[in-house]
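Inspection log for the structure reproduced underneath, given as structure tokens.
The values are calculated or read from the model by the stated rules, or taken from the named source; none is laboratory data. Not measured: the values here are computed from a predicted model. Quick reminder, even Gly has a Cβ in these numbers, built from the backbone with ideal geometry, and neighbours come from all protein chains shown.
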Amino acid sequence: MEMLKVEALDAGYENNVVIKNVNFDADIGDFIGIIGPNGCGKTTLLRAIAGLINISNGQVKLRGKDIRRINRREIAKRVAFVPQMMVPTSGFTVEETVLLGRIPYIGRFAFETDKDYREAKKAAEELKVEQLIDTPVTSLSGGEFQRVAIARALAQEPKILLLDEPTSHLDFRFQVKVLRMLRRLREDKLIIATFHDLNLAARFSRKLLLINKGEVVAFGRPDAVLTSDNLRLAYKIKLEARKNPKTGKIRVYSS
Amino acid sequence: MSRLKNRLPFIIYLLIVIVILGFLSLLMGPIRISASKILFSIFSPGEDPLIYVIIWQIRMPRLLLEILSGTLLAMSGSLLLGISGAAMIDNIAVKSFYLLSCVIAAISVFLIVFGFNLESLYPWLLGSLAQTTWDKVFIAALFILAGLIVYVFYYKDLNALMFGEYTAKTLGVEVKLIRMFLFAVTIIISAAAVYTCGLLCLTGLIFPYFVRLAAGVNYKYMIPVSILTSASIVILIDIFSRIIFPTELPIGIMMAVLSGPFYIYALHRRRLGL
């Protein structure tokens, strides 16, 4: 059974359905990029998959089970979410921030165990922030903090990792660095991330999900999704998608 | 940066401050007792019956109640911050609360000036630490114990809430339920604070806000630090009020007056760009 199945999903906020009739499924090893114009519902879709908002119709299924029937703590052990622009909170070191990811594993009347510290350390190492472990998060650079935020999500040992614009506030070097790290994690996880930058999305995602006004325009391999027709439909301006003959990667140009 | 790495020494400094202030507080009173005699009476009570009564039946319960009041205020103040999330000071409840306290203070000052007898209302409204008994101390301690248990088992949830409602949810925190529960606990602890030092003392709920500005919002450390800070402030305020008004000005009035500037600062911090 597939890790994640989204069926005829309508979701949104009170009296405001943002996502309409979204269908797709995905499995461990996938890296799905969600793209689309501003306000098209990218973030809302991620939140619906994380079980954070109201599902008015359809279903989000984790291994065949409706997410609304799984309790929050169990969801937290399987699905982790890295919000856009998580604000560094004063008073926390890197280690303490990453340890927050262990909350679903710590019993109500229990404390962090050695295993929790080990998992936090492992997550920090994977994102290469282990040397910053005692640094207060407020003194990190944007790129460092974004990696800490991802490490916090990894400490949840999720099967599905959701990231909302993981690269939006990073300079070019860090964008590539963070995405390379994510790509390495892909083997035993399903990664779903939203993107503004179509070229970054095309370069790192295995599949793209293009949405417009809450509805899916196209879903599939980057070269199948990033066609001039699809892009015009979603972005309302003329964009041209060209394949680089050397790398086989697709690039989008405005013309 | 170092303030995070070395939190333990900071907590120890605060403990030392409390011990010093506590000792000063024991020195205060209409009957002069020398420091050495007080020390002697603390470590071997019962030598001098008069000093024993003054220290152990009058000054010590009062001091302890000051510390306990500070603790209760710190607990409910920090919980209130945690429940309302990041934007506590914009919280209308807190603003209106302070307004209410000010109105009560103004009315009581007015009534006192015009010679009304408010004595029966004092303990409840203004809060007086005079004539503190051990019973009162024990009851306050009971509430603090309950509060500490909640803090030990819920600081994780409070920390998660500091990163926003969505993040807390994705960490498995049942946000609505936890907020309701913690709010109930806050009300009970605030009620206990009113019991120990009067309604006006609730103005002291602002202290944890400043602790948070200075020390950050990690609840693992913030609650102990605000407890120690608030307890020191209450002792200090009581010492002041006894120096300035030897006739015993109720602690609540002093608290309201002295915490006023803090509220003004907190409410206008953003506007003033401080």
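If you check residue A:110 against the conditions, is it more than 19 Å from residue B:218 (Cα to Cα), hydrophobic (A, V, I, L, M, F, W, C) and at the interface with chain B (Cβ under 10 Å from one of its Cβ atoms)? Taking the combined requirement at face value, the residue does not satisfy it.
Listed here are the residues, each with its yes/no results for (1) farther than 17 Å from residue A:25 by Cβ; (2) β-branched (Val, Ile, Thr).
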| residue | (1), (2) |
| --- | --- |
| A:167 | yes, yes |
| A:176 | yes, yes |
| A:179 | yes, no |
| A:188 | yes, no |
| A:204 | yes, no |
| A:211 | no, yes |
| A:221 | no, no |
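Quick check on segment A:163-170. Is at least one of its residues buried (at least 17 other Cβ atoms within 10 Å of the Cβ), under 21 Å from residue A:81 (Cβ atoms) and out of contact with any strand residue (DSSP E or B) (no Cβ under 8 Å at 6 or more places or on another chain)? Yes, segment A:163-170 contains at least one residue that is buried (at least 17 other Cβ atoms within 10 Å of the Cβ), under 21 Å from residue A:81 (Cβ atoms) and out of contact with any strand residue (DSSP E or B) (no Cβ under 8 Å at 6 or more places or on another chain). Taken together, B:4, B:39 contain a single residue that is surrounded by 12 or more Cβ atoms within 10 Å (Cβ to Cβ), over 22 Å from residue B:233 (Cβ atoms), modelled with pLDDT under 90 and in contact with a strand residue (DSSP E or B) (Cβ under 9 Å, 6 or more places away or on another chain), which is B:4. For segment A:201-216, the candidate set comprises residues that are more than 14 Å from the chain's Cα centre (by Cα) and hydrophobic (A, V, I, L, M, F, W, C); within that set, the residue that is farthest from residue A:8 (Cα to Cα) is A:202. Going by the conditions given, is residue A:121 assigned to a helix (DSSP H, G or I) and either polar (S, T, N, Q) or under 28 Å from residue A:205 (Cα atoms) (or both)? Yes. Residues that are part of a helix (DSSP H, G or I) and free of Cβ contacts under 8 Å to residues at least 40 places away in the same chain within segment B:228-267 comprise B:237, B:240, B:241, B:244, B:254, B:258, B:261, B:264, B:265, listed in sequence order.
Put simply, of A:103, A:70 the only residue that is of a type in the set (Val, Ile, Thr) and over 29 Å from residue A:136 (Cα atoms) is A:70.
Of the residues B:133, B:186, B:167, which single one is of a type in the set (S, T, N, Q), in contact (Cβ under 8 Å) with a residue 60 or more places away in the chain and surrounded by 17 or more Cβ atoms within 10 Å (Cβ to Cβ)? Steps first, please.
Working: B:133 fails: surrounded by 17 or more Cβ atoms within 10 Å (Cβ to Cβ); B:167 fails: in contact (Cβ under 8 Å) with a residue 60 or more places away in the chain.
B:186 is the lone residue from the list that is of a type in the set (S, T, N, Q), in contact (Cβ under 8 Å) with a residue 60 or more places away in the chain and surrounded by 17 or more Cβ atoms within 10 Å (Cβ to Cβ).
Taking first residues from segment A:19-30 that are in contact (Cβ under 8 Å) with a residue 24 or more places away in the chain and partners that are of a type in the set (Phe, Trp, Tyr) and assigned to a strand (DSSP E or B), the Cβ contacts under 9 Å between residues at least 6 apart in sequence or on separate chains come to A:23/A:219; A:24/A:219. For segment A:39-59, the count of residues that are within 30 Å of residue B:213 (Cα to Cα), more than 20 Å from the chain's Cα centre (by Cα) and either among the aromatic types (Phe, Trp, Tyr) or not in a loop (DSSP other than H, G, I, E, B) (or both) is zero.
Taken over segment A:178-204, the criterion of being surrounded by fewer than 16 Cβ atoms within 10 Å (Cβ to Cβ) and outside any helix (DSSP H, G or I) is satisfied by A:196 alone.
Within 14 Å of chain A (Cβ to nearest Cβ), modelled with pLDDT of 90 or more, surrounded by 21 or more Cβ atoms within 10 Å (Cβ to Cβ) and in contact with a helix residue (DSSP H, G or I) (Cβ under 6 Å, 6 or more places away or on another chain): is that true of residue B:232 in this structure? Answer is no for this residue.
Are there any pairs, at least 6 apart or on different chains, whose C-beta atoms fall under 7 Å, with the first in segment B:212-227 and at the interface with another protein chain (Cβ under 9 Å from one of its Cβ atoms) and part of a helix (DSSP H, G or I) and the second buried (at least 24 other Cβ atoms within 10 Å of the Cβ) and among the acidic types (Asp, Glu), and if so, which? No pair meets every condition. Only residues that are more than 7 Å from chain B (Cβ to nearest Cβ) and in a strand (DSSP E or B) were counted in segment A:80-104, giving 1. Among the criteria (1) crowded, with 23+ Cβ neighbours inside 10 Å; (2) more than 10 Å from chain B (Cβ to nearest Cβ), the one residue A:56 does not fulfil is (1).
Every residue in segment A:133-154 that is within 10 Å of chain B (Cβ to nearest Cβ) and not in a helix (DSSP H, G or I), please. Once the filter is applied, which keeps residues that are within 10 Å of chain B (Cβ to nearest Cβ) and not in a helix (DSSP H, G or I), segment A:133-154 yields A:134, A:135, A:136.
Out of all the residues in segment A:236-254, is one or more within 25 Å of residue A:57 (Cα to Cα) and either assigned to a helix (DSSP H, G or I) or not basic (Lys, Arg) (or both)? Among the residues of segment A:236-254, not one is within 25 Å of residue A:57 (Cα to Cα) and either assigned to a helix (DSSP H, G or I) or not basic (Lys, Arg) (or both), which makes the answer no.
Flag: residue A:186 does not match the condition of being farther than 30 Å from residue A:103 by Cβ, touching a strand residue (DSSP E or B) at 6+ places or on another chain (Cβ under 6 Å) and of a type in the set (Lys, Arg).
The listed residues are A:224, A:218, and the only one of them that is more than 21 Å from residue A:83 (Cβ to Cβ), free of Cβ contacts under 8 Å to residues at least 24 places away in the same chain and assigned to a strand (DSSP E or B) turns out to be A:218.
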